[in-house]
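A short write-up of the structure that comes next.
Derivation of every value follows stated rules applied to the coordinates shown; laboratory data play no part. Every value quoted in this text rests on a predicted model; they were computed, and no experiment measured them. A quick note on method: Cβ atoms are made from the backbone with ideal geometry, for glycine too, and the neighbour counts reach across all protein chains shown.
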Amino acid sequence: MEDLSTIINKVQSSEELDFEDGLLLMRSRNLSLIGALADNVRKKTVGDQVMFVTNCHINYSNVCNSKCKFCAYFREEGQNGAFTLSIDEIMEKAEKASIMGATELHIVGSLNPRLPFEYYEEILIKIHEKYPAFSLKAYTAVEIAHLSQISGMSVREVLLRLKKAGLTGLPGGGGEIFNEKTRKQVCPDKISGERWLKVMETAHGLGIKSNATMLYGHIEIHGDIVDHILRIRQLQKKTRGFQAFIPLRFHPDNTYLQKNGIVTEGPTGFDDLKTIAVARLLLNGYINNIKSYWVMLGEKMSQIALSYGANDIDGTVMEERITHAAGGAAPEYMPKDRIIHLIRNAGRIPVERTSNYEIIREY
């Protein structure tokens, strides 16, 4: 068994962990100890409240020229299953979300070469005009970079236009894994990790908060995971603009990686829990909210992860296509009552929040 005593002492004295510490944690098989450390840090940092949001996902298109090898969601134009929603169709989904009591719309899609900048802008304008109470968390850093490219505007100009249209925050998607060599193997046509971080830095500088994600359980190695988390931490030291960190579990079904025998199975439960715990420990003092995203993890694992450093279970979601295209077995919608039950059953206090982590109600 690895000697984790130095790390334990660092954690107990709130000392920052470094790359070697992270690597030792990722390589360790002592999950119970790592989980207990992370859970203690969680309790000291955010207490026993577990956050959730009443939200709805809107995936506007799956026509994408990025063609990432871990993605089962994308289609080429004209291919069976390809879709692009009209503004009216998006407004119908927004209306449904409003009726169901959602406070946040999570709007992401693809790099569709046929959609102009104005399409993305109009989505926000129309929703914001009709439903001004919605928080609009829309477009990943990858999509923002794409909009900059197709419009000829700078990233800053794109973000300012979208903010004026009603954008309130950026989701954390598209981070995948930052290590250049690994990233080129799984998403060679996507922007680099450095570019992703730069878009986020620009957004934070404009007062646009965001989340941060990491895709794990594909071809990455332990060092890639630690490097990824520490690069997010480094930017957070500078901007304080990340509101939550979300480890995303790779689902292999129907992906290039699976079809070509490169990755045939997703990560194990051991991997899921350790990744969340290590994220909590490495980000201690910098990002308070660590999500156990039930859409990726499933209900039971996301609940267990609340004892391994996580303090946010995401939300009702209502509709999600990306993970389910890759074999995600969790439902597309979790009623608020079910979320509250899962949190209470884990011995925690359910708290409904806004997109900006303001408390709406404690249950």
In order through segment 170-179: 3J(HN,Hα) via Karplus (6.51 cos²θ - 1.76 cosθ + 1.60), integer Hz, x for Gly, Pro: 9, x, x, x, x, x, 6, 9, 7, 3
Segment 27-86 - Rg and Dmax from Cα coordinates, angstrom: 20.5, 52
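Going by average Cβ density within 10 Å per residue, which order do the peptides 146-154, 200-208, 213-221 take, highest to lowest? Walk me through the numbers before you get to the answer.
On the way: 146-154: 16.7, 200-208: 18.6, 213-221: 21.3.
In descending order of packing, they fall as 213-221, 200-208, 146-154.
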Ranked packing of 273-281, 242-250, 156-164, most packed first, by mean Cβ within 10 Å: 273-281, 242-250, 156-164
Partnerless cysteines, meaning none of the other Cys C-beta atoms lie under 4.7 Å away, in the chain: Cys56, Cys64
Bins of 10 Å from zero: percent of alpha-carbon pairs in segment 210-283: 18, 47, 26, 8, 0
Assigned charges on the beta-carbon of Lys, Arg, Asp, Glu; the chain dipole about Cα centre (debye): 420 debye
Angle between the chain longest axis and helix 117-130 axis [Cα atoms, degrees, rounded to 10]: 80 degrees
The chain: angle of helix 336-345 to the longest principal axis, Cα-based, in degrees nearest 10: 0 degrees
All-pairs alpha carbon distance profile, segment 1-116, 10 Å steps from 0, percent: 11, 24, 17, 21, 22, 5
Dmax and Rg, reported as Rg then Dmax, of segment 77-228 (C-alpha, Å): 16.2, 47
Dipole of the chain, positive end: most advanced residue of Val155, His218, Ser292 [Cβ charges, Cα centre]: Val155
Violating pairs (Cα-Cα greater than 28 angstrom) within the set Lys67/Lys181; Lys259/Lys336; Lys10/Lys336: Lys259/Lys336; Lys10/Lys336
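If you place +1 on the Cβ of every Lys and Arg, -1 on the Cβ of every Asp and Glu, and leave all else neutral, what size is the dipole of segment 104-215 about its Cα centre, to the nearest 20 Debye?
Its charge dipole is roughly 100 debye.
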Tilt relative to the chain, helix 31-46 - C-alpha long axis, 0 to 90 degrees, to 10: 70 degrees
Expected-Rg normalisation [2.2 N^0.38 Å, Cα atoms] applied to the chain: 0.94
Relative packing of peptides 92-98, 12-18 - highest average C-beta neighbours within 10 Å first: 92-98, 12-18
For Ser66, distant residues with modelled amide H under 5 Å away: Leu111
